[in-house]
1. For P(r) over Cα pairs in 10 Å bins from 0, in percent, pick the label among (1) 7, 28, 32, 18, 9, 4, 2, 1, 0; (2) 7, 29, 37, 21, 6, 1; (3) 6, 22, 21, 18, 13, 9, 7, 3, 0 that corresponds to the value derived from the coordinates.
2. If I take every Cα pair under 8 Å that is 6 or more residues apart in the chain, average their sequence separation and divide by the length, what percent do I get for the relative contact order?
3. Apply the Karplus parameterisation 6.51 cos²θ - 1.76 cosθ + 1.60, with θ equal to phi minus 60°, to every residue of the stretch 133-141 and state each ³J(HN,Hα) to the nearest whole Hz, in sequence, with x for glycine and proline.
4. For the chain, with a Gaussian network of springs between Cα atoms less than 10 Å apart, report the residue from Ala129, Ala207, Ala71 with the top mean-square fluctuation.
5. For a protection proxy built on the mean count of beta-carbon atoms within 10 angstrom, sort 168-179, 59-70 highest first, please.
6. So which residue, out of Ala38, Ala244, Ala198, gets the largest mean-square fluctuation from a GNM of the chain using Cα contacts under 10 Å as springs?
7. Classify the stretch 127-221 as rounded, prolate or oblate from the Cα gyration tensor: take a ≥ b ≥ c as the square roots of its eigenvalues, call it rounded if a/c is under 1.5, otherwise prolate when a/b beats b/c and oblate if not.
8. Mind listing the phi-derived Karplus ³J(HN,Hα) values for the stretch 113-122, rounded to whole Hz, using 6.51, -1.76 and 1.60 with θ = phi - 60°, and x for any glycine or proline?
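Please treat every number below as a calculation from the coordinates, not as lab data. Quick caveat, the model's predicted, so the values are computed rather than measured. With ideal geometry, Cβ positions are generated from the backbone for all residues, glycine too; neighbour counts draw on all protein chains shown.
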Amino acid sequence: MTRRPIVAAALLAAGLASALAPPGAGAQVPTRTPGQLAVGVSMPAAGFQVGAVRGRDVLFAKGYEIDLAGALARELGVPSVRFVQEDRFSAFFEPGAKDYDIALSQITITTGREALVDFSRPYLVADQAVLLRRGLTLAKRHFSRLRKLRLCAERATTGAKQARRIRPERPVRVFGDASRLEAELYQRRCDAVVGDAARLGALRAQAPQRFGELAGRIRTGERYGAVLESGSPLRAPVDTALAALEEDGTLGRLAAAWLSTDVTRLPAFR
């Protein structure tokens, strides 16, 4: 047998493989580990990312941003995803090298943070909200009604910033992780938590017996983006992938599947 039929068959097989490969697979994207997208997360965050961790290793995870990471990897043509737990939220937007390619953790794009790290295009637009402890209600959605309450928030977040802008009579209590924050609200050591509306809505829907009402939202119109190291060559491919996921409806489907409460219907504080 001559080599020509063998070569022709090989070229045909390569062409079929290329046609069936996911978008972006033709040119390998520059991830830290070839064939793997390492994603920094900060669990738990109801609706967005929950599961089990041991140290910085994520043993199991599910949620909006977990599925988003998988969709991004497929769009980039990267076969696998590895999640890395980051306990300190502020570490995401500190300058310097990270041991993951991108971070997804409801991280709001701000001018100050953009001076330290790179952000992708937005994948979700959101407001802040106020979740009350059990047994507490508000007759009116006025900021003046919140000023008498013991407000709590997660450290270094937009929620903490908005809670301070309310100018409560007592200092805002801040906590380093969402689990502690939720426990303090459940134990009634906080009257109300100020945080991401979609996350608090998902938390309230999952455990309505543990918390009071989702009292209302604070209009911020903030944009969540994936965080990358400053100058990362992944930024352009990630932006392209996110644009494709928005265009084909994937972002909307993920939000509908995981963010169970339509927080846009909440009354706004004024």
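1. Recomputing P(r) over Cα pairs in 10 Å bins from 0, in percent here picks out (1).
2. Details: 532 pairs, mean separation 66.2, N = 270.
Across the chain, relative contact order equals 25 percent.
3. In residue order, the calculated couplings are 6, 4, x, 10, 10, 10, 6, 10, 8 Hz.
4. Ala207
5. The packing order, highest mean first, is 59-70, 168-179.
6. Looking only at Ala38, Ala244, Ala198, the biggest GNM fluctuation is shown by Ala244.
7. Rounded, because the longest to shortest axis ratio a/c is under 1.5.
8. 6, 5, 6, 10, 9, 9, 10, 6, 4, x
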